[in-house]
Amino acid sequence: DSFFSPEEASTIRLESNDGGESEKRLTVPRFTPFVAAGYFVAHSGILKEVPFDPFLPWIFMGEEIIMASRFYTHGYTIFA
């Protein structure tokens, strides 16, 4: 019932590209538990369905965690 495989659950790492020799090509988007607010691509209607938290209007540090949890609790799954 987990979104992560056992390997993904134990390690989250960034891999560098060494010229394409060991580059892995994914055939499907990868699930991610986080939202990057500076690089967030979606239709604007999502903000009507899941608006920013009205009780935290000026939050900047931690907005990604709050956004990810609000999307998840509204039934969205985040992919990268």
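The values are calculated or read from the model by the stated rules, or taken from the named source; none is laboratory data. Keep in mind that this is a model prediction, so the values were computed, not measured. Glycine also receives a Cβ, built like all others from the backbone with ideal geometry; neighbour counts cover every protein chain displayed. The protein model used for the area step is the full one, side chains on, heavy atoms only, and it has no ligands, DNA or RNA in it. Shrake-Rupley method; radii C 1.70, N 1.55, O 1.52, S 1.80 Å.
A few comments on the model shown:
- Which numbered condition GLY20 fails, given (1) modelled with pLDDT of 80 or more; (2) open to solvent by less than 70 Å² (accessible area, probe 1.4 Å); (3) more than 15 Å from the chain's Cα centre (by Cα): (1)
- Residue within the stretch 44-61 that is modelled with pLDDT under 80, assigned to a helix (DSSP H, G or I) and either closer than 14 Å to TYR76 by Cα or open to solvent by 60 Å² or more (accessible area, probe 1.4 Å) (or both) present: no
- Residues satisfying the stated conditions in the stretch 66-80, i.e. more than 27 Å from THR27 (Cβ to Cβ) and surrounded by fewer than 13 Cβ atoms within 10 Å (Cβ to Cβ): THR73, HIS74
- Scope the stretch 24-43; condition open to solvent by less than 100 Å² (accessible area, probe 1.4 Å) and in a loop (DSSP other than H, G, I, E, B); matching residues: VAL28, PRO29, THR32, PRO33, VAL35, ALA36, PHE40, ALA42
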